[in-house]
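Trainee: For reference, the structure I am asking about is given below.
The values are calculated or read from the model by the stated rules, or taken from the named source; none is laboratory data. Remember, it's a predicted structure, so these values are computed and weren't measured experimentally. All Cβ positions, even for glycine, are placed from backbone atoms using ideal geometry, and neighbour counts span all protein chains on display.
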Amino acid sequence: MPLTGYLTASAIEAGLVHLATKHPTICELIVLTEPSIEGRTIRAVKIGDRGRSARPGILVIAGAHAREVVNPDMLLMLGVKLCKANADQTGLTFGGKSYTASALKSLMDATDLYFLPLVNPDGRNFVQSPTGDPMWRKNRNPNPGRPARGVDLNRNYDFLWSSVIGTSSNSNSDT
Amino acid sequence: MDQKFFVTVVAPDRAALGRLASYELDLLHQTSAVTQLRTTRMGSRAAEASAPSKPSEEVQQISIDGLLTMEQVARLVGDGYEVVVREPASKRARATQTMDLQEWLKAVLEK
């Protein structure tokens with residue numbers, strides 16, 4: 001069966017729930033403390049042996065720019081394939097690069113993987129809506145008192161918010 | 001909501017390319033490029049006949065792609081930039097092609 005489309009924001013969330021339900025010994029669903037501005041729950045999944053104590057972690061996030069629709073699906077796909085390979089004790093091949101089952105086990109033994117495939121669910125929902133804008137990049141923060149809606153999440157993390165040092169001086173700029 | 005278009009903005013020089021940052025436009029930074037173009041000077045047939053082997057001239061084109069409204073295009077043109085409008089943004093939009101999760105999972109695990 002070919003991949004003929006992209007997942008919606010709610011399907012990505014359902015995909016994370018599916019992962020945690022299907023692979024409970026290595027997947028733990030994490031709900032972020034704050035919902036999106038439009039009230040959507042934002043979830044991540046921790047992939048690693050749940051019986052082990054805390055280990056170094058790798059956080060991978062995707063979907064900050066709403067119109068870049070491929071990368072959230074790719075990250076969820078990686079999670080699905082890793083969990084399946086772990087369950088079946090098989091390796092994985094991506095493109096021309098192969099990883100043996102033992103290499104994957106070493107990775108999972110040594111680290112906890114945190115996958116957050118959709119940082120900006122409101123933006124994705126707007127991009128995929130028939131009445132939305134397929135080229136929308138930001139989130140859907142109304143920005144009271146400003147002419148433009150939305151914040152570019154990829155340019156405005158908490159650290160030095162809206163400063164001119166490393167981040168945009170204008171958190172709702174289109175650039 | 002104003003319709004947006006994929007465009008190529010051609011700047012008259014490198015400094016002008018840099019000044020685009022102050023416009024707060026949706027420009028695709030990774031596409032900025034300096035391209036060597038070879039042009040041939042065209043003159044009258046008589047002139048060409050008298051100097052048929054006149055060499056072509058190399059010129060630099062400094063450009064960047066972006067996603068702009070027509071109002072933004074007009075502003076840039078008014079400020080001395082050349083803007084080539086490629087196509088409406090909607091022509092490249094694929095995001096509304098969605099897939100059911102169960103079908104997606106089946107496709108992913110078959111791959």
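Trainee: Take region B:53-111 and flag every residue that is touching a residue at least 60 places away in the same chain (Cβ under 8 Å), more than 7 Å from chain A (Cβ to nearest Cβ) and not in a helix (DSSP H, G or I).
Mentor: Of everything in region B:53-111, those that are touching a residue at least 60 places away in the same chain (Cβ under 8 Å), more than 7 Å from chain A (Cβ to nearest Cβ) and not in a helix (DSSP H, G or I) turn out to be B:G66, B:L68, B:T69, B:G80, B:Y81, B:E82, B:V83, B:V84, B:V85, B:R86, B:E87, B:P88.
Trainee: Can you tell me which residue within region B:1-54, out of those that are at pLDDT below 80 and in contact with a Lys or Arg (Cβ under 9 Å, 6 or more places away or on another chain), is nearest to A:K138 (Cα to Cα)?
Mentor: Here the residue is B:T40.
Trainee: Hey, any hits in region A:15-36 for a residue that's within 26 Å of B:T98 (Cα to Cα), within 12 Å of chain B (Cβ to nearest Cβ), surrounded by 17 or more Cβ atoms within 10 Å (Cβ to Cβ) and within 13 Å of the chain's Cα centre (by Cα)?
Mentor: Looking through region A:15-36, at least one residue is within 26 Å of B:T98 (Cα to Cα), within 12 Å of chain B (Cβ to nearest Cβ), surrounded by 17 or more Cβ atoms within 10 Å (Cβ to Cβ) and within 13 Å of the chain's Cα centre (by Cα).
Trainee: If you don't mind, another one. Output the number of the condition that A:N139 fails; it satisfies all remaining conditions of (1) away from chain B (no Cβ under 13 Å); (2) crowded, with 21+ Cβ neighbours inside 10 Å; (3) in a helix (DSSP H, G or I).
Mentor: (3)
Trainee: From A:R67, A:R50, grab the single residue that is at pLDDT below 95, more than 14 Å from chain B (Cβ to nearest Cβ), over 13 Å from the mean Cα position of the chain (by Cα) and part of a loop (DSSP other than H, G, I, E, B).
Mentor: Just a single option satisfies the conditions, and that option is A:R50.
Trainee: Can you tell me which residue in region A:53-64 is farthest from the other protein chains (Cβ to nearest Cβ), limited to those that are touching a residue at least 12 places away in the same chain (Cβ under 8 Å) and either over 15 Å from the mean Cα position of the chain (by Cα) or in a helix (DSSP H, G or I) (or both)?
Mentor: It comes out as A:A54.
Trainee: Among the residues of region A:58-99, what is the count of those that are over 17 Å from A:I12 (Cα atoms), surrounded by 12 or more Cβ atoms within 10 Å (Cβ to Cβ) and of a type in the set (G, A, S)?
Mentor: Going through region A:58-99 one residue at a time, the tally reaches 3.
Trainee: Only one of these conditions is not met by A:G123: (1) away from chain B (no Cβ under 11 Å); (2) touching a His at 6+ places or on another chain (Cβ under 8 Å). Which number is it?
Mentor: Condition (1) is where A:G123 drops out.
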